[in-house]
Amino acid sequence: MAELEIRHLRAICAIADEGSVSRAAIRLGVTQPALTAQLRSIERLIGGELFRRSPNGSVPTELGRSVVRSARIVLEDMSALLATARSHVRQPGKTPLVIASTPLLFTSALISELRAWFAAELRTEIDSSAPALLDLVVAKQADLAIFEKFEGMEHRTLTDVEVRTIVEEPQFVALSADSPLAEQDEIDLVDLADLDWVVPPPDQDSMRLRFRSTCESLGFTPRITHHVTEGRTAMALAAAGAVCLAQPASLGGPGFVIRPLRGSVLTVPVVVVIRLDGMFAARRQEVYACVAHAYRSIVERNPTYGKWWDKHPEAHTDLDAALALPRPSRPS
């Protein structure tokens with residue numbers, strides 16, 4: 001059975017760019033009848049008309065616009081793949097190190113640390129799903145992953161990777177600056193029982209069961225009304241009167257404040273996962289030092305978290321140990 005080929009995608013994009021089969025044929029170095037025949041063959045494979053003739057030339061149909069968009073993505077990905085492969089051929093051993101992370105506040109600081117101390121090109125993969133990031137490392141598509149430990153992770157069979165907790169991070173909350181609770185330095189979780197909660201979708205919520213069980217132990221079931229994947233949207237909903245959990249180094253913003261929960265009733269381990277057969281394997285202690293310095297750099301970002309940090313040394317003993325390691329030597 002015939003299938004679409006890269007040359008077909010280039011032909012579709014050329015016609016869309018030039019607005020004419022004849023001009024696209026010149027651009028591609030083929031005859032107009034040959035390109036017209038190829039277009040008809042492509043349309044038969046797809047099952048619909050991609051372009052209509054008009055006084056202004058060839059105009060994409062609705063199906064055609066959709067196919068052209070997808071074709072451009074495929075061609076761009078193919079170009080990137082070829083560039084990476086050719087770079088590797090020219091410079092063996094210089095393939096990028098892939099860092100996978102959830103949207104954590106210290107990710108950019110970590111990238112800066114790693115770039116400063118490792119003689120390698122770095123590439124990042126940011127995803128809100130911690131299980132997806134772990135899968136990248138296990139599948140050898142990432143060298144290092146950092147995320148909040150998710151429920152059920154302990155049941156995963158993990159080979160050729162090392163998992164290390166860097167810090168037990170407390171969960172703060174974001175709520176409306178107009179709320180009477182915003183005047184308190186710390187908030188009891190039970191006092192939030194009557195508010196609407198903003199949480200990630202179930203497949204991206206690293207502490208879904210723990211959060212609910214903690215609330216139920218205090219005598220209420222959280223009223224979850226918003227599933228949100230993007231932090232700014234969650235904070236906007238908090239400013240409008242809802243409430244959501246927040247990373248402790250987060251800062252307040254227009255209409256909302258960040259407050260700690262009294263008693264640190266909710267904490268989550270932030271873990272580092274390193275491939276034992278990857279390029280970081282022999283320098284794992286240096287990687288942990290980089291992670292520790294990057295995380296520590298954001299603690300004082302929120303003075304309230306800085307105070308919590310000083311009061312709870314037991315939450316960051318692993319990170320303190322990594323900070324005590326010799327800092328990586330800058331490559332020559």
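Bear in mind these aren't lab numbers, they're just calculated from the coordinates by the rules spelled out. Note that the coordinates shown come from a computational prediction; the quantities given were computed from them, not determined experimentally. Neighbour counts are summed over all protein chains in view; Cβ atoms, including those assigned to glycine, are modelled from backbone coordinates with ideal geometry.
Sorted by packing (mean other beta-carbon atoms within 10 Å per residue), highest first, where do 212-221, 55-64, 151-160, 129-138 land?
So the peptides 212-221, 55-64, 151-160, 129-138, ranked by packing, come out 129-138, 55-64, 212-221, 151-160.
Does the range 198-241 classify as rounded, prolate or oblate by the C-alpha gyration tensor (a ≥ b ≥ c root eigenvalues; a/c under 1.5 gives rounded; else a/b over b/c gives prolate, otherwise oblate)? Mind showing how you got there, number by number?
On the way: a/c = 2.86, a/b = 1.47, b/c = 1.95.
It is oblate, given that a/c is not under 1.5 and a/b is not larger than b/c.
Can you tell me the 0 to 90 degree angle between the C-alpha axis of helix 107-117 and the longest principal axis of the chain, rounded to 10?
Rounded to the nearest ten degrees, it is 80.
As an exercise, find the ratio Rg/Rh for the range 149-223 from alpha-carbon atoms, using the Kirkwood inverse-distance average for Rh.
Details: Rg = 15.8 Å, Rh = 15.0 Å.
Ratio of gyration radius to Kirkwood radius for the range 149-223: 1.05.
Any idea which of ILE298, LEU9, VAL268 is furthest toward the positive side of the dipole for the chain, if Lys and Arg beta-carbons carry +1 and Asp and Glu beta-carbons -1?
Going by the charge dipole, the pick is LEU9.
Take the Cβ-Cβ distance between GLU125 and SER22 as r, set R0 to 35 Å, and report the resulting FRET efficiency rounded to the nearest 0.05. Before the final figure, lay out each step's value.
Details: r = 43 Å, r/R0 = 1.23.
The pair GLU125/SER22 has a calculated efficiency of 0.25.
Name the GluC sites (Glu not before Pro) in the range 224-332 that are in a loop by DSSP and that have at most 11 other C-beta atoms within 10 Å, would you? List each step's numbers first, then the result.
Numbers: sites: GLU230, GLU286, GLU300, GLU314; in loops: GLU230, GLU300.
When the GluC sites (Glu not before Pro) of the range 224-332 are filtered for loop state and at most 11 Cβ neighbours within 10 Å, GLU230 remain.
Excluding SER176 itself, calculate the net charge of residues whose Cβ lies under 14 Å from the Cβ of SER176, where each Lys or Arg counts +1 and each Asp or Glu counts -1. Intermediate values should be presented prior to the final figure.
Working: positive: ARG259; negative: ASP178, GLU183, ASP191, ASP194, ASP196.
Around SER176, the charge tally is -4.
Grab the alpha carbons of the chain, take their convex hull, and tell me the volume per residue in Å³. Don't skip to the end; give the middle numbers.
Working: hull volume 69.5 nm³, N = 332.
Expressed per residue, the convex hull around the Cα atoms of the chain is 209 Å³.
Cβ under 15 Å from LEU136's Cβ, LEU136 left aside: what net charge do those residues give with Lys, Arg +1 and Asp, Glu -1?
On the way: positive: ARG123, LYS140, ARG156, ARG275; negative: GLU125, ASP127, ASP135, ASP143, ASP160, ASP277.
Taking every other residue near LEU136 into account, the sum is -2.
Which part of the range 256-273 falls in the paramagnetic zone of ALA321, meaning amide N under 18 Å from the point 7 Å along Cα-to-beta-carbon?
269-273
Find out how many positive minus negative residues lie around TRP309, taking Lys and Arg as positive, Asp and Glu as negative, among other residues whose Cβ is under 15 Å from that of TRP309.
Details: positive: ARG296, ARG301, LYS307, LYS311; negative: GLU168, GLU169, GLU186, GLU300, ASP310, GLU314, ASP318, ASP320.
Local charge sum for TRP309: -4.
Using 0.36 nm per residue, how much length does the chain from SER54 to GLN32 gain when fully extended, once their Cα-Cα distance is taken away?
On the way: separation 22, 0.36 × 22 = 7.92 nm, distance 1.69 nm.
That works out to 6.2 nm of additional length.
Among ARG52, ARG301, ARG259, which one shows the biggest mean-square fluctuation in a GNM of the chain, springs joining Cα atoms closer than 10 Å?
ARG52
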